[in-house]
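Quick notes on the structure that follows.
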Amino acid sequence: MIQKNKRAWAWIPTLYFTQGLPYVMVVTVSVIMYKKLGISNADIGLYTSWLYLPWVIKPLWSPFLELIGTKRNWFLGMQLLIALSFLAIGLFLPTNIFFVTTLACFWMASFASATNDIASDGYYMIGLTEEKQSFFVGVRSTFYRLSMVTGQGLLVILAGFLENHYGQSDKAWSLTMIVTAALMLLLTLTNALLCPKYETSVSIVLDKPGSFWEVFSSFFKKSGIGTALAFILFFRLGESQLVKMAAPFLLDGPEAGGLGYSTAEVGTIYGTIGVIMLTAGGILGGVLISRHGLKRWFFPMVLTLNIPNAFYALLAITGTDHLAAVITTVVLEQFGYGFAIAGFMVYLIYLAEGISKTSHYAIATGFMALGMMVPGLVSGYMQEWLGYDGFFIWVVLAALPSLLLLKYIQYPPDYGKKRVS
């Protein structure tokens with residue numbers, strides 16, 4: 001086996017950039033693309049929310065990545081499959097059956113992306129010592145965020161430029177997806193060159209056939225797990241619906257209750273400024289938890305996640321399309337999300353503690369994804385039923401369950417606080 005930590009500064013940035021790009025394309029950019037191609041908000045919310053499913057159920061097939069082949073082979077294979085999926089999306093977009101065919105390709109990309117996440121994280125833990133794993137957390141997070149800026153920002157801006165150039169949304173997004181496929185292929189080749197072979201390709205036989213199910217069931221035997229799972233599912237109830245309809249709200253014209261912004265403007269506001277503020281919120285949240293512990297900041301974090309939703313309601317009710325007001329709303333929303341998710345992830349780490357922490361963390365994040373998927377399924381129908389103004393008021397009210405459940409979940413008050421030696 002090759003010595004650990006080899007070329008870490010070379011492969012960690014590209015590996016985690018490659019992990020983030022397909023996720024943001026599947027979950028966020030697909031919404032903008034379908035909106036510009038004339039798909040209804042109801043169908044956008046329903047069908048793109050189903051794309052979360054692979055991240056919900058990935059704990060079910062994650063053991064197979066331990067049993068067959070190597071993590072490196074798995075993530076390289078999945079990254080190549082993602083590149084081919086985006087290429088197929090680009091080729092199918094100009095056709096009359098683009099919606100069904102591109103959704104099928106997005107499904108393929110989402111399953112490959114979820115599997116790539118498992119393999120990449122496993123490779124990270126195998127290829128680095130425990131000390132270096134902690135050291136490179138900031139590096140991997142930074143390049144993951146940069147991939148979001150690339151997908152949600154630069155690629156959406158490119159699509160907007162091509163829309164203006166060609167006057168056709170289908171051709172513009174077709175070329176954008178082909179560019180995305182080329183970028184994914186380049187990243188796959190880069191990872192193949194930079195990532196050392198830490199493992200040998202062998203199949204492993206479990207000593208106890210029932211061990212996986214024992215690990216899985218032990219998660220549900222934890223103290224207070226019912227309340228904890230309810231909190232996880234409801235934590236993002238409002239935000240999970242807002243994130244599906246925020247871009248359509250900005251893109252729709254005033255006659256539909258929207259603000260009438262262009263694709264390039266949405267890419268700039270949401271994909272660049274928004275992601276920068278999301279990152280800043282996450283950094284601040286982590287710093288404050290490390291200083292004072294989770295208990296002191298968890299309630300303010302839940303508030304910060306949900307209060308900015310009221311600003312969307314205000315924009316919709318008043319019809320305000322002033323750029324400063326829109327940017328302020330997106331800045332507050334994204335910063336609040338980053339700030340709150342820092343506390344939420346620390347809570348999930350606490351919930352996963354024990355002998356099977358890796359598997360239990362995967363289960364916990366699966367429930368987190370379920371909490372994003374299910375509300376998102378109905379978000380488009382809710383928006384069409386209530387209008388944008390009524391929808392955003394509903395999103396504000398959706399914060400109440402998490403605020404109530406926060407009082408009853410169990411965790412040490414100083415959990416996450418940095419110990420002074």
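The label point for residue 374 and the one for residue 68, both projected 7 Å from the Cα toward the Cβ, are 3.1 nm apart. Note on residue 408 and residue 213: the extension gain reaches 67.4 nm, defined as 0.36 nm multiplied by sequence separation minus the Cα-Cα distance. The slack between residue 192 and residue 327, meaning 0.36 nm per residue of separation minus the straight C-alpha distance, is 44.6 nm.
Under 10 Å, Cα contacts only: if you run a Gaussian network model on the chain, which one of 260, 285, 336 comes out with the highest mean-square fluctuation? Sorting by GNM fluctuation, first place goes to 260. For the options 265, 353, 239, a Gaussian network treatment of the chain with springs between C-alpha atoms closer than 10 Å singles out 353 as fluctuating the most.
Which residue, 47, 144, 270, tops the fluctuation ranking in a GNM of the chain built on C-alpha contacts under 10 Å? Of 47, 144, 270, the Gaussian network model singles out 47 as fluctuating most. Dipole magnitude for the chain: computed about the Cα centre from +1 point charges on Lys and Arg Cβ and -1 point charges on Asp and Glu Cβ, it is near 1440 debye. Dividing the helix sum by the residues of the chain, where each DSSP H run of 4 or more adds -39500 (n - 2.57), gives a mean residue ellipticity at 222 nm of -24500 deg cm²/dmol. Computed from phi, the 3J(HN,Hα) profile of region 330-339 under the Karplus parametrisation 6.51, -1.76, 1.60 (θ = phi - 60°) reads 5, 4, 5, 5, 5, 5, x, 5, x, 5 Hz, with x in place of Gly and Pro.
Taking all protein chains together, 221, 295 sort by accessible area into 221, 295, largest first [probe 1.4 Å].
The 3J(HN,Hα) values that the Karplus relation (6.51, -1.76, 1.60; θ = phi - 60°) gives for region 76-85 are, in residue order, 5, x, 5, 5, 5, 5, 4, 4, 5, 5 Hz. Gly and Pro appear as x. The 3J(HN,Hα) values that the Karplus relation (6.51, -1.76, 1.60; θ = phi - 60°) gives for region 286-295 are, in residue order, x, 5, 5, 5, 5, 8, 10, x, 5, 4 Hz. Gly and Pro appear as x.
Inter-label distance, residue 168 to residue 386: 3.9 nm, where each label sits 7 Å from its Cα along the C-beta direction.
By the Kirkwood approach, averaging reciprocal distances over each pair of separate Cα atoms, region 262-421 gets a hydrodynamic radius of 17.2 Å. Annotation: amide H of residue 5 within the under-5 Å range of 128, 129, sequence separation 5 or more or interchain, hydrogens built in the peptide plane. Between the labelled values (1) 20.5; (2) 23.5; (3) 21.6, the entry that holds mean projected area of the Cα convex hull in nm² as derived from this structure is (1).
Does region 231-288 come out rounded, prolate or oblate, given a ≥ b ≥ c as the square roots of the eigenvalues of its C-alpha gyration tensor, rounded meaning a/c under 1.5 and, failing that, prolate meaning a/b above b/c? Oblate, since a/c reaches 1.5 and b/c is not below a/b. Judged by the gyration tensor of its Cα atoms, with axes a ≥ b ≥ c, region 11-100 is prolate; a/c meets the 1.5 cut and a/b is the larger of a/b and b/c. In this label model, residue 320 and residue 10 are separated by 5.2 nm, measuring between points 7 Å along each Cα→Cβ vector. Between residue 154 and residue 100, the contour length at 0.36 nm per residue exceeds the Cα-Cα span by 16.8 nm.
The values are calculated or read from the model by the stated rules, or taken from the named source; none is laboratory data. Everything quoted here is computed from the prediction, not taken from an experiment. Cβ sites come from the backbone with ideal geometry, for glycine too, and all protein chains shown count toward neighbours. Ligands, DNA and RNA are stripped out before the accessible areas are found, and what is left, the full protein with its side chains, is counted by its heavy atoms. Shrake-Rupley method; radii C 1.70, N 1.55, O 1.52, S 1.80 Å.
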